[in-house]
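Working notes, structure below.
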Amino acid sequence: MNVLVDTGKVSEPVAADRASILECTLLIADDDTLCRRLLAGILQKQGFRKFLFAEGGYSALQQIEQHQPDLVLLDMQMPDLSGLDVCKRIRARAALIDIPILMQTATVDRKQMGVMFAAGASDFLSKPINPSELIARVITHLERRCLLRELRDYRERTSAELEASRRMQLELLPSASLQDATASSTGLRIASYFRPSSEIGGDIWGMLPINDGSFGIFIADFTGHGVTAALNTFRLHALIHEYRHLHGDPSAFLSALNKRLATLLRLGQFATFLYVVIDHVAGRLRIASAGASPPMLMAGLQGSSQLVEASGAPLGIAPDMQYELHEKPFAPGSMLLLYSDGLPENPDRDGNRIGEIGLLEAIDACEAGLTPSQLVERVCAAAGIQANVALPDDTTVICVDRRGVRAVDDDI
């Protein structure tokens, strides 16, 4: 093959901030020895020093498979396997799909350009080769490849960190064994559902031991989603356990949390918070709310569910807020449902939201023999939550059930 090289003016050397590009490996595939040497010579003057050479199409594929170069300079016409066929075979491999391929051709028209790009070429160089154009195109595609590699590494690192954060956040939640142990010791049945809208979210819930006769359950929902909201859940979790001496007093507990969060959270950040002390011996609920969704209470096997209205400003808005205490009976045969607003506000396939009234109707439609887990599943299904469909908001549901418990004379 006869190759002419236009000895135009060579561009300035690569800038120092592109030094990493000079460490890239370049494969020059051409059946003409002189052409391979000329291309390498031009690039060597710019500081490139890592080269691979192939004198035909099959040799190029072997070099690519063995060394996976950072860029390929590929001649269109080679005797054993054309540049187009080489390009197609490279792009057929998932591991090689983003390697820049610069095709060299002596004749270029619109039709041929379409054929080259359809085969997977990243760019082309017209013969005779212009050194300035060669250098510019090589650097441009190597810069793009380095950026893509950095973005991929960043994405993989971020995904790993998010997964670690997700596991850490899940570890803050009551484990299944803790829920079972609490249920067994109190004569209750407990089930829960927790699902963030992304890898990590702003919902958190927990169970707090108080004494032999009672324990607390809290559910919190921070504004926003993702990393910031998740970090705030970690912060809140630490504060909750710092104020363990107030766990038996819902009003004082919320006031203390609010005062601290008002100094810690940035403007516009806040959390809704619901805290319920369940006295399973006396059969009473003590409830305080900071803007949370109202819990739902079914009193008795034949009774209908009702919203337990408990108002209060979200945590973190103003430091001197006071929170009211609400008390309700929780006799055997009762059932309590706690949830974040992701449940009633979840849009179904038609974009409709079930709302709190719809949740009440869904609960009342459930037969009394359902376990708490089955009831939670039924309520989530009624709200349009699907396992394989992403949620627009973090969603938490907790069911505490006394419908399988009979009254004991010295308890109630």
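Derivation of every value follows stated rules applied to the coordinates shown; laboratory data play no part. These figures come from a predicted structure and were not determined experimentally. A quick note on method: Cβ atoms are made from the backbone with ideal geometry, for glycine too, and the neighbour counts reach across all protein chains shown.
Once the C-beta distance of SER373 and SER304 is scaled by a Förster radius of 22 Å, the resulting FRET efficiency is 0.50 to the nearest 0.05.
A cut-off under 13 angstrom between Cβ atoms defines the neighbours of ALA313, and their net charge, with Lys, Arg +1 and Asp, Glu -1, is -1. Here the spin labels are modelled as points 7 Å beyond Cα on the Cα-Cβ line, and at GLN77 and GLN44 they lie 2.8 nm apart. If you only keep lysine pairs separated by 8 or more in sequence, or across chains, how many in the chain come under 29 Å at the Cα atoms? For the chain, the number of qualifying lysine pairs is 10.
Between LEU151 and THR223, the simple label model (points 7 Å from Cα in the Cβ direction) yields a spacing of 3.2 nm. Divided by 2.2 N^0.38 Å, where N counts the residues, the Cα radius of gyration of the chain comes to 1.53. Counted residue by residue at 0.36 nm each, then reduced by the alpha carbon distance between them, the extension gain from ARG37 to ALA92 reaches 16.9 nm.
Remark on ARG284: its backbone amide H falls under 5 Å from those of ASP279, PHE330, a criterion applied only to residues 5 or more positions apart or on other chains, H modelled at 1.01 Å from N.
Label separation (GLN62 vs THR263): 7.4 nm, computed from points 7 Å beyond Cα along the C-beta direction. In this structure, the amide hydrogen of PHE51, modeled 1.01 Å from its nitrogen in the peptide plane, lies closer than 5 angstrom to those of LEU26, counting only residues at least 5 positions away or on a different chain.
Sequence-distant contacts, meaning Cα pairs under 8 Å at least 6 residues apart, place the relative contact order of the chain at 13 percent. Fewest neighbouring Cβ atoms within 10 Å first, the residues VAL276, VAL389 line up as VAL389, VAL276. Using just its DSSP H runs of length 4 or more, each adding -39500 (n - 2.57), the chain gives a mean residue ellipticity at 222 nm of -11500 deg cm²/dmol after division by all residues.
Just to confirm the number: angle between the C-alpha axis of helix 110-119 and the first principal axis of the chain, 0 to 90 degrees, nearest 10? Orientation of helix 110-119: about 50 degrees from the principal axis. Taking other C-beta atoms within 10 angstrom as a stand-in for reagent exposure, GLU367, GLU377 fall in the order GLU367, GLU377, fewest first. Have a look at LEU125, HIS141, TYR58 and report the one farthest towards the positive end of the charge dipole of the stretch 16-153, computed about the Cα centre with Cβ charges (Lys/Arg +1, Asp/Glu -1). The one lying farthest along the dipole's positive direction is HIS141.
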